[in-house]
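Here is the structure we will look at.
The values are calculated or read from the model by the stated rules, or taken from the named source; none is laboratory data. Model, not experiment: these values are computed from the prediction. So basically every Cβ, Gly included, is an ideal-geometry build from the backbone, and we count neighbours across all protein chains shown. Accessible surface is based on the protein model in full, side chains and every heavy atom, while ligands, DNA and RNA are left aside. Shrake-Rupley method; radii C 1.70, N 1.55, O 1.52, S 1.80 Å.
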Amino acid sequence: MTAAALDADDRPMRPAILRGLALRCPNCGRGRVLSGYLTLRPACLSCGEDFSHARTDDGPAYVTVMIVGHLMAPAILWAFVRWRPEPETLAGVFLVGCLALTLFLLPRMKGMFLAIQWSRRMHGFGAERDD
């Protein structure tokens, strides 16, 4: 088996992403990847996978904003057309909804970005290979 085929098969992306969305280690699926709300652990407490070189940067925030915007914008329009609430009521309700959805999604997107990097051996996740 070639190195390229091994790279594609030994770290499947789908299970890694599902583990990342669950805020679990993409390698073992048991250890937590975050030590705080958005602080990555230096390593998995269960399997020892090193996370210190992960670079999630602004990706999780960008994806979170895109998801929240695409979900809430049609909902706001629908609520306005259906019930015609006062602007202050509409803004207040959807402000709380947007904030809650953002706070829920942001750490999960960070876990997903970490899992994608681990799966594709990006940013140092594949440096210690023995072929």
Checklist outcome for this item: The simple spin-label model distance between residue 47 and residue 30, using points 7 Å out along Cα→Cβ, in nm, is 1.1
Item to check | the chain, relative contact order in percent, only Cα pairs under 8 angstrom and at least six apart counted | outcome: 38
Checklist entry - With all protein chains present, how much of the accessible area of segment 49-115 (probe radius 1.4 Å) comes from carbon and sulfur, to the nearest whole percent? => result 71
Checklist entry - To the nearest 10 square angstrom, how much accessible area does residue 18 have with a 1.4 angstrom probe? => result 100
Checklist entry - Got a number for the accessible area of residue 62? Probe 1.4 Å, square angstrom, nearest 10. => result 150
Item to check | Nearest-20 debye value, segment 80-127 charge dipole, Cβ charges on Lys, Arg, Asp, Glu | outcome: 340
Item to check | For residue 113, solvent-accessible area (1.4 Å; no DNA, RNA or ligand), Å² | outcome: 50
Item to check | Where labels lie 7 Å past Cα in the beta-carbon direction, separation of residue 123 and residue 40 in nm | outcome: 0.4
Next on the checklist: What number comes out for accessible area per residue over segment 18-119 if the probe is 1.4 Å? Units Å², please.
Outcome noted: 59
Checklist entry - Using +1 on the beta carbon of Lys and Arg, -1 on that of Asp and Glu, and nothing else charged, what's the dipole of the chain about the Cα centre, debye to 20? => result 380
Checklist entry - In the set [x] -0.80, -1.29; [y] -0.83, -1.47; [z] -0.92, -1.31, which value of log10 I(q)/I(0) by the Debye sum over Cα atoms at q = 0.16, 0.23 Å⁻¹ was calculated from the structure you see? => result [x]
Item to check | Inter-site label distance for residue 103 and residue 57 at 7 Å from Cα along Cβ, in nm | outcome: 2.9
Checklist outcome for this item: Candidate span helices, the chain: DSSP H, at least 15 Å along axis from Cα coords, Kyte-Doolittle average at least 1.0, result 59-83, 87-119
